[in-house]
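Novice: Supplied in structure tokens, the structure appears directly below.
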Amino acid sequence: MQTIKSIPTKYSGHTFRSRLEARVAVFFDQLRLSWEYEPEGYDLPINGWYLPDFLLKKNEKLKYDIWVESKGKEPTIEEDNKLNELACTTGILGGFFISSETFKKNYRTLTTYPEKVHFNGKSFYDHDLRAFGTDLDHYLKPLRYPLPYYIPFSKWYSLREELTPDDKGFILNYVNGRFDNGRYSPLTTYQIKELEQTKSKEVIEFIESNIAARNRIWDYIEPHSLDYFGKGDDDVSNVPLFKKAIEVALSYEFN
């Protein structure tokens with residue numbers, strides 16, 4: 001099978017490794033987001049050397065920094081694990097931007113459904129624009145949330161049972177039992193010592209990671225990280241901004 005080579009592309013003082021990366025940078029600029037290209041490489045303890053594409057920098061528009069990796073197709077499990085471990089190691093969320101087709105798909109959505117719709121009596125915009133800044137699920141593969149220590153995503157669910165073979169539901173039930181008022185309470189020193197009497201260090205670490213991951217999700221989503229792009233599900237005021245950003249990114253003529 002013949003491999004299609006990426007086209008190095010110059011834009012904004014950078015030489016990007018592919019045309020897709022350059023278009024993503026144009027898109028970020030049109031949304032007035034602050035970004036760095038390949039700011040730093042990392043020698044990850046488990047998954048080795050990794051140089052992420054973009055770092056979106058938090059500012060008045062963006063609540064958190066976000067790693068963004070551009071891919072022409074769905075990432076492999078190895079690529080997914082690298083970005084996941086990077087997020088765990090740096091404490092910065094990360095996600096994949098998948099192909100230029102994503103631009104076209106979302107442009108069609110914004111063009112076809114620019115009005116509010118109603119569901120069960122509640123008014124909301126079919127594609128809440130804040131989602132472009134919260135989990136970026138319109139553009140990015142679902143994010144992995146930073147943990148105190150790294151667990152390969154492919155092992156997340158099976159490891160939970162492998163750590164407690166005599167009671168496979170122990171970790172899940174223990175964590176769920178700590179939910180109160182929208183949060184999962186962290187382990188106290190006394191509770192850690194109590195667990196140490198019957199459970200391994202790995203079980204305790206997994207519980208702490210699970211609690212941290214779940215709380216991190218709520219920290220990230222509430223409030224939205226990009227309230228700049230909309231104050232509610234029915235706020236369509238930035239539809240023109242996103243349409244223009246996509247148009248410019250797709251049509252930009254690079255030198």
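Novice: Percent of Cα-Cα pairs more than 20 Å apart in region 1-110, please.
Specialist: 44
Novice: Still on this structure, I have one more. Can you give the accessible area per residue of region 151-197, in Å², using a 1.4 Å probe?
Specialist: Heavy-atom accessible area per residue stands at 69 Å².
Novice: Also: Rolling a 1.4 Å sphere over the protein heavy atoms, what is the accessible area per residue of region 37-83, to the nearest Å²?
Specialist: 51
Novice: Still on this model: Once you've got the Cα coordinates, tell me which of Lys82/Lys193; Lys82/Lys243; Lys61/Lys104; Lys61/Lys82; Lys10/Lys155 are over 29 Å apart.
Specialist: Flagged as over cut-off: Lys82/Lys193; Lys82/Lys243; Lys10/Lys155.
Novice: According to a simple spin-label model (label point 7 Å from Cα along Cα-to-Cβ), what is the distance in nm between Lys5 and Asp43?
Specialist: It is 3.1 nm.
Novice: Per the 1.4 Å probe, what fraction of the accessible area of region 161-208, in percent, lies on carbon and sulfur atoms?
Specialist: Carbon-and-sulfur percentage of accessible area, whole number: 46.
The values are calculated or read from the model by the stated rules, or taken from the named source; none is laboratory data. Computed from a predicted model, the values in this text were never measured in an experiment. We place every Cβ from the backbone using ideal geometry, glycine too, and count neighbours over all the protein chains shown. The accessibility values were calculated without ligands, DNA or RNA, using every heavy atom of the protein model including side chains. Shrake-Rupley method; radii C 1.70, N 1.55, O 1.52, S 1.80 Å.
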